[in-house]
Amino acid sequence: VGSAPSGAGKSSLCEGLLKNVLGLSYSVSTTTRKKRPGEEDGVHYDFVSEETFARMRAADAFAECAEVHGHWYGTKRAVIEEARTSGRDLVFDIDIQGARRLRASYPDGVFIFIYPPSMGILEERLRKRRTESPEDLARRLSNARLEMREAWAYDYIVINDVFDTALDRLRSIILAESLRTSRFVPPS
């Protein structure tokens, strides 16, 4: 489970993990946010209306969901259960509220906080995206300060200063966690 302030590079690092570590699958979150350029429905997110999301919440379809930056995001319970049944490991790209809820339900997960190198670099990354209004940018930066205080509730912290270095650290965490005695399944 990867969390980070908006613009810290969490989604790029998750994509890098999926390309470089065999046996991982991506948990596609559901959101009410509008698609950004280059995003595909069902690949980056399941984009739904607020009404559809509300119906799904009422039906208890989400293992976790939260309102973040003025939009709803959630992880479908069925996706997690199907992966657990089939023995697949999932990569989650979610906010701290969602991670907190997932930890309560799935304490055996591995929780990693992606930390930006500095607030100045974080702001620069968000500005370069050119996807947020000035109000959204200010809200995301304000939220980032609060989110970074939560990093110590995670199992690991990885600073995303140099992308390849951060990706190597994430791969190392995945490898080490797969070798824990508590996760060992003897060959048949």
Subject >> Qualifying position, being within 12 Å of the chain's Cα centre (by Cα) and either within 25 Å of GLU124 (Cα to Cα) or open to solvent by 40 Å² or more (accessible area, probe 1.4 Å) (or both), among GLY9, GLY23 >> reply: GLY9
Subject >> Residues that are open to solvent by 60 Å² or more (accessible area, probe 1.4 Å) and not in a helix (DSSP H, G or I), drawn from region 104-150 >> reply: PRO107, ASP108, ARG130
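Suppose we filter region 129-166 for residues that are of a type outside the set (Val, Ile, Thr) and closer than 15 Å to ILE112 by Cα; how many remain?
First, pick out the residues of region 129-166 that are of a type outside the set (Val, Ile, Thr): 129-130, 132-156, 160-161, 163-164, 166.
When the remaining residues are screened for being closer than 15 Å to ILE112 by Cα, the result is 147-156, 160, 166.
The number of residues fulfilling the criteria is 12.
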**OP:** Select the strands (runs of 3 or more DSSP E) contained entirely in region 1-74, then report the ones holding at least 3 residues which are in contact (Cβ under 8 Å) with a residue 12 or more places away in the chain and of a type in the set (A, V, I, L, M, F, W, C).
**Re:** 62-68
**OP:** Select from region 57-84 the residues that are surrounded by fewer than 18 Cβ atoms within 10 Å (Cβ to Cβ) and farther than 25 Å from LEU137 by Cβ and list them in ascending order.
**Re:** ARG57, ALA58, ALA59, ASP60, ALA61, ARG77, ALA78, GLU81, GLU82, ALA83, ARG84
Original post:
Does any residue in region 86-111 that is of a type in the set (Ser, Thr, Tyr) come within less than 9 Å, Cβ to Cβ, of a residue that is open to solvent by 60 Å² or more (accessible area, probe 1.4 Å) six or more places away or on a different chain, and which pairs are these?
Top reply: SER105/ARG77; TYR106/ARG84
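The values are calculated or read from the model by the stated rules, or taken from the named source; none is laboratory data. Since the structure is predicted, the reported quantities are computational estimates derived from the model, not experimental observations. Heads up, the Cβs are rebuilt from the backbone with ideal geometry, glycines too, and the neighbour counts pull from every protein chain shown. All accessible areas refer to the heavy atoms of the entire protein, side chains included, with ligands and DNA or RNA removed. Shrake-Rupley method; radii C 1.70, N 1.55, O 1.52, S 1.80 Å.
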